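Each value in this text was obtained by applying a stated rule to the coordinates, not by laboratory testing. The structure presented is a predicted model; accordingly, all values stated were derived computationally and were not measured. Here the Cβ positions follow ideal geometry from the backbone for every residue, glycine too, while neighbour counts run over all protein chains shown.
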Amino acid sequence: MRGEALYVDDLLIDGLLYGRLLHSERPHARILAVRLPSLPPTVTVVDWQDVPAQNQIHIVQDDMPIFAKDEVEYVGDVILMLVGPDEQQLEDLLSQVRIDYQDHEPVFDPEQSQQIFFDYHYGHGEVEQAFAEADHIFSETFHTGLQEQAYLEPNGLIAVPTTRKMTVRGSMQCPYYVKTALVKALGKAAEQVQVVQDVTGGGFGGKEDYPSVLACQLAVAALKTGKPVKCVLNRREDMATTSKRHPSRCHYKVAVKDGLVTAMDIDVLMDSGAYTTLSPVVLQRGIIGAPGVYNTANLRVHGQARKTNTVPNGAFRGFGAPQTFFAVEMMMSHIAVALKQEPLAFKARQLVAQGDMTSTEGRYHFNVSLPELIQRAEELSHYREKRQAYARQSEARYRKGIGLSLIYHGCGFTGNSERDFIKAVVKLKKRRDDRVEVLASNADIGQGIKTTFAKIVADQLAIPLDQIIVNNPDTDLVPDSGPTVASRSLMTVGQLLAQAAAKLKQVWEPGKEQEIEEQYQHPEYMIPFDMERFAGDAYPTYSWAVSVVELELDRLTGTADISGAWGIFDVGVPIDYNIVQGQMQGGFLQGLGYSCMEHLAYSPAGVPQQTSFTDYIIPTAADVPNLVTDLINNPFSHGPYGAKGAGEMPMVGVAPAYLEALEQAMNCGRLEHVPFTAEDVLDRLGADPDRQQAEPDTWVSRERKAAGKPAAQVKSAGGGDPACR
Amino acid sequence: MQMMNEQTGIPFILNGRPVRSLSAPGTRLLEVLRDEFHLTGTKCGCKEGECGACSVLINGRLVTSCLIAVGSIAQQAVLTIEGYRETERFAVLDAAFADMAAVQCGFCTPGMVLATEALLSEHPHPSAEEIRQGLSGNLCRCTGYQALIQAVRTAAQRGAGLW
Amino acid sequence: MVNSYAPENLSEALRLLQAGKVTPYAGGTDIMVHPRAAASYLFLRQLPELGQISATEQFYVIGSTVTYQDLLTQTKVDLPDVLLQACRKVAAPPIRNLGTLGGNICNASPAGDTLPVLYALDASVRLARFEPASVNVKDTDGSISYRLLPLRQFIQGVRRTCRQPDELLTEILIPKVRYTLTEYEKIAARKAQAISKVSFCGAAAAEAGQLTRLALAFGSVGVTVVRDSQIETAILNGDYDIAAAVKAYDQLLRPITDQRSTAGYRRTVCLNLVRNFLTAVLAQTRSGAQVTDQ
């Protein structure tokens, strides 16, 4: 608030050098030669030859090079770094470097890609039989686009070499991820690598894997020059070359019998980009959520992540879930309309409930609060009433619409990762002055985790909040309590801290130094997750949300004015009400951006086109609707004070609510992709408004006519109706 | 006529004190503030005038310091967060922003605070629409703006008479 | 080391401009997106001659370094509302406090927010240059020469104007004309801080059931703002009905696809907006006719 917080770009270090990166200009090519201009003696070139150990960055697998050696795989791949005392001079020199490339055929369309990075199958029940017995079969294909995290502080780090160790500090979410990557790249012992998080200006997933990349590049440079080296990306470089949300294509085939869904056959394809990075885990979460919040007795899910010659896609709030929840919510809504039912009523009849089986044959062990959330959403937004009223509008310039979606978010890591890989450890250190320091590796990236941790510990110990110290994590001081991802920090790590504090309270001796360590215990109630079969409890519990969007469409310009937005959330019990509300509102707005304005595309040459805040459009204060968020209490017995995961969920359900509202306003059939821009709206409405005759029933009548024939032959191709084009 | 270069320097008032920048006149004010005067409360988010993180007040008006050549502000008064935080008005904003949890990652905050000051100077009792407009040049990716709008409203109430 | 200058008056500024390679700097919001370290700037904002807003019997006169915010907050002159509407849509407060009307014109972007309005209102620009004094005459204000030309002539293409290197744009003149219907629309990807995908300005006057004046200008659909007198005349004379007018603009407009929008979208929106505006104009004219008939 006072402008005193020091972000990495604000730090002054003696003898500091700057590093600037040379990025590939080609999407897929062999490097034949690197032609450098004559360099002043103060400038050092750093490339793959300088990497002491492994020239691959450890993320999940180890396939992304620190510096490209022979091949570049996307426009933006890093070939070398120039290091020197004057940033402007480095920029000038970089512009004079010439690379001779031999181009290979690039692949930009994941559908055309032959390189399948990850391929998963799961399911249960008798899918074929359910389709054979169905009254109706619906099929449709959905697409979602890239999304840039657009944190206000760009990625940036400093590597500081000393005789004993390498220290990397700066903007990041996961200090221990960075540390592990550095240990492998440098071939050093764990104790010779230190990673420190500085004040971080937003992350949203965008500082989950990328800091490991930049850290390795800078550490190699620092090792070579023997000097501290800093690199803060400029905005265009950050937007053009760092990870984004995976674009997706989801194909759904759904059987309906007696007005209920009896089977889903789902095929999910995610565009991984040039390297695997976090794609396996993003894909896992995406496909586990693919059937949505509905009981599906017969289920078949197939998911793939394929390589394209584009920026590697990674983590972004929701982590695969926004893609598949968008698809399933649209699918359910479209089926309802086709069956001449109100979408919410249709969905509400088949919601999962406590004790039901999850998509992966686990159990919803705890209360499913959706009915309560729906009721609250209805009270606040008057959804049903408006939905009916807007169905009777005239074909005027402005038309209104309202839409609603139902989603969950699986809290914490998928499957057994907490138990098998993360094995979180936290410590509480009581000092002689009876102040207590929280030692955990979770980073405050604006989500307020420091405050929340402090509140938990203070409350357990029954001491004032100002007696609790929470510093930014330093791997030399804090144990590995895991990364700051997956809405796990509060629920999982916060719970460990609560337990540690309870123990400390029992042994508390005033004026004495004391230390308590607490280790992660996998909840006993969980059905073990079989990673091969995708069977068991994928998550310890679920947070739930209802999102409602109301808008007014200008049919002359295709622009939509969001006139109302409501998000009703069950995050268990909010520990800090204001912080949770802030998370819900911020996430919701990112969801609105994802729905209609955050358009990011590659040129035919594989160059990202919207790489500045001028062209990549995120909402301003003037674009925000009167956003209402509300929380209900649904305590989680295994979370601290009943808290569950929160941070990612508000993002997940916005796009389908927005699109359902837009469909109603456009009155022109089914919509099937996000972002759905003003350009898309006019495209769909048709160039000549005099010619527009809305035919909302096209899809329905086709289904109806076909209903008499053998059900298995009934098909509706996805992708909109010719009558509406 | 005034001729200026790195030797003549460029005189201006910085947070109430007369100073002289020895940067080239075409240098961004943002860089002069951060690199020459080490006032790092002014943040660099894009250098294209789009994000508002580098906002400062010049003669009381909100401007993006990345789009200003330091030579163009000779003799004028620049107020950054470092100067503003010493004021009584800041104390009101500080409390209101804290109470409404309007600060998340904090990177947009110095610019947002100065945008609020400019807004309240022009409209001591702003309407919701005036608040949205007043903050519309300052991007925030964390809060969804709701808490910020609440904080401005709260500050306007509590600080009645100050603006 | 290069010098930059902050002249005290117009005469000084023009002499500096004539003497050497200085870049005129008004609001700086375009120049500073890609600043050149070695640039020599001629700072203009402090010049009293360029910062005035006034009105004569025939014209509104706006100094070239008047900012959008100045235009919105001044109360001296009753400026055309449609111009103020455009100013309100420019970016956001921090940019409106810097950007100038003269800068918007000299930058000559087809997406300049105020340009369709200035085109529609038949604005002219006044340019000044310094005439080297003959040996016997001392420097006086009299040594500044001016020329006045229509804005539509001044702007020649994308970032191209017919300003000579030794000339400064000093004032923008907008004829005082009474319109009975005006409309300004800026279509952008968000409500603030955005570059327009398309902009449109329509201005019309009707008297006693007769359409007497019509101006239709489109931004971001050509190398400059598009305005076509032939089509306007054909509409005024009743040679074109709305459908024919829309068809004529369909043939005229040359939008492109870029990172902000598509050619098809830009064309469709323009045609929708002009159709909508002409429909409103026609309705107003007819209702005027009915009133006159009574």
Item to complete: Compute the long axis of helix C:242-252 from its Cα atoms, compare it with the longest principal axis of the Cα atoms of chain C, and write down the angle in degrees, 0 to 90, nearest 10.
Response: 40
Worksheet item: How large is the Kirkwood hydrodynamic radius of the stretch A:1-121, in angstrom, based on all distinct alpha carbon pairs?
Response: 17.0
Worksheet entry | Mean separation of Cα contacts under 8 Å, 6 or more apart, over the residue count of the stretch C:181-293: relative contact order % | 26
Item to complete: With a/c under 1.5 counting as rounded, go ahead and sort the stretch B:87-158 into rounded, prolate or oblate using the C-alpha gyration tensor (a ≥ b ≥ c being the square roots of the eigenvalues; past the cut-off, prolate if a/b is larger than b/c, else oblate).
Response: rounded
Worksheet item: Can you run phi through the Karplus equation (6.51, -1.76, 1.60; θ = phi - 60°) for the stretch A:241-258 and list ³J(HN,Hα) in whole Hz, with x for Gly and Pro?
Response: 10, 9, 4, 9, 6, 5, x, 9, 10, 10, 10, 10, 10, 10, 9, 10, 9, 6
Worksheet, complete the sentence: Residue-ordered couplings for the stretch C:47-55, obtained by feeding phi - 60° into the Karplus form 6.51 cos²θ - 1.76 cosθ + 1.60 and rounding to whole Hz (Gly and Pro as x), are 6, x, 5, 9, x, 9, 10, 8, 9
Worksheet, complete the sentence: Hydrodynamic calc, the stretch B:1-155: Kirkwood Rh from Cα pairs, then Stokes-Einstein at 10 °C with viscosity 1.306 mPa s, so D in µm² s⁻¹ is 101
Item to complete: Please give the helix A:175-186 orientation as an angle from the longest Cα principal axis of chain A, in degrees from 0 to 90, rounded to the nearest 10.
Response: 60
Worksheet, complete the sentence: If one compares the long axis through the Cα atoms of helix A:577-596 with the longest principal axis of the Cα atoms of chain A, the angle in degrees, nearest 10, works out at 70
Worksheet item: Per the helix-only calculation at 222 nm, which mean residue ellipticity applies to chain C, given -39500 (n - 2.57) for every DSSP H run of n ≥ 4 and division by its residues, nearest 500 deg cm²/dmol?
Response: -9500 deg cm²/dmol
Item to complete: Distance between Cα centroids, the stretch A:368-393 to the stretch C:9-87: provide it in whole Å.
Response: 53
Response to the item:
With the 8 Å Cα cutoff and a minimum separation of six or more residues, chain A has a relative contact order in percent of 16
Worksheet item: Hey, what number do you get for chain A at 222 nm if only DSSP H runs of n ≥ 4 count, each worth -39500 (n - 2.57), divided across all residues, to the nearest 500?
Response: -7500 deg cm²/dmol
Item to complete: With +1 on each Lys and Arg Cβ and -1 on each Asp and Glu Cβ, and nothing else charged, work out how big the dipole of the stretch A:370-529 is about its Cα centre, in Debye to the nearest 20.
Response: 860
Worksheet item: Hull surface divided by four, with the convex hull built on the Cα atoms of the stretch A:537-582: how many nm²?
Response: 5.3
Practice prompt. Starting at the first residue of the stretch C:172-180, write each ³J(HN,Hα) from the Karplus equation 6.51 cos²θ - 1.76 cosθ + 1.60 with θ = phi - 60°, in whole Hz, x for Gly and Pro.
Written response: 10, 10, 10, x, 7, 10, 8, 9, 8
Fill in: Span from the the stretch A:339-359 Cα centroid across to the the stretch A:170-239 one, whole angstrom
45
Practice prompt. Please list, in chain and number order, the residues 5+ apart from C:Thr23 or on another chain whose amide H is under 5 Å from its amide H, with Hs placed from the backbone.
Written response: C:Ser40, C:Tyr41, C:Leu42
Worksheet entry | Expected 222 nm ellipticity per residue - DSSP helices of 4 or more, -39500 (n - 2.57), all of chain B, to 500 | -9000 deg cm²/dmol
Worksheet item: What is the set of long-range amide H partners of A:Gln194 at a cut-off below 5 Å, with H atoms built 1.01 Å from backbone N?
Response: A:Met166, A:Thr167, A:Val168
Fill in: All lysines inside 23 Å of C:Lys176 as judged from Cα atoms, apart from same-chain residues fewer than 8 positions distant
C:Lys76, C:Lys89
Practice prompt. Return the Cα extents of chain A along principal axes one, two and three, sorted largest first, each rounded to a whole Å.
Written response: 79, 68, 47
Discussion item. Going by average Cβ density within 10 Å per residue, which order do the peptides A:675-681, A:518-524 take, highest to lowest?
Written reply: A:675-681, A:518-524
Discussion item. Sequence gap at least 6, Cα distance under 8 Å: using those rules, report the relative contact order of the stretch A:433-570 to the nearest whole percent.
Written reply: 19
Worksheet item: If one puts a single equal scatterer on every Cα of the stretch C:143-259 and applies the Debye formula without solvent, what log₁₀ I(q)/I(0) results at q = 0.12, 0.20 Å⁻¹?
Response: -0.59, -1.28
Worksheet item: Dipole magnitude of the stretch B:10-82 about its Cα centre, charges +1 at Lys/Arg Cβ and -1 at Asp/Glu Cβ only, in debye to the nearest 20?
Response: 140
Item to complete: For chain C, evaluate the Debye formula with one uniform point scatterer on each Cα (no solvent term) and list log10 I(q)/I(0) at q = 0.09, 0.14, 0.15 Å⁻¹, rounded to two decimals.
Response: -0.48, -1.04, -1.16
Discussion item. How large is log10 of I(q)/I(0) for the stretch A:149-238 at q = 0.11, 0.14, 0.20, 0.21 Å⁻¹ when the intensity is taken from the Debye formula with one equal scatterer per alpha-carbon?
Written reply: -0.26, -0.42, -0.84, -0.92
Worksheet, complete the sentence: Given unit charges at Cβ for Lys, Arg (+) and Asp, Glu (-), the dipole magnitude of the stretch C:50-175 about its Cα centre in debye, nearest 20, is 380
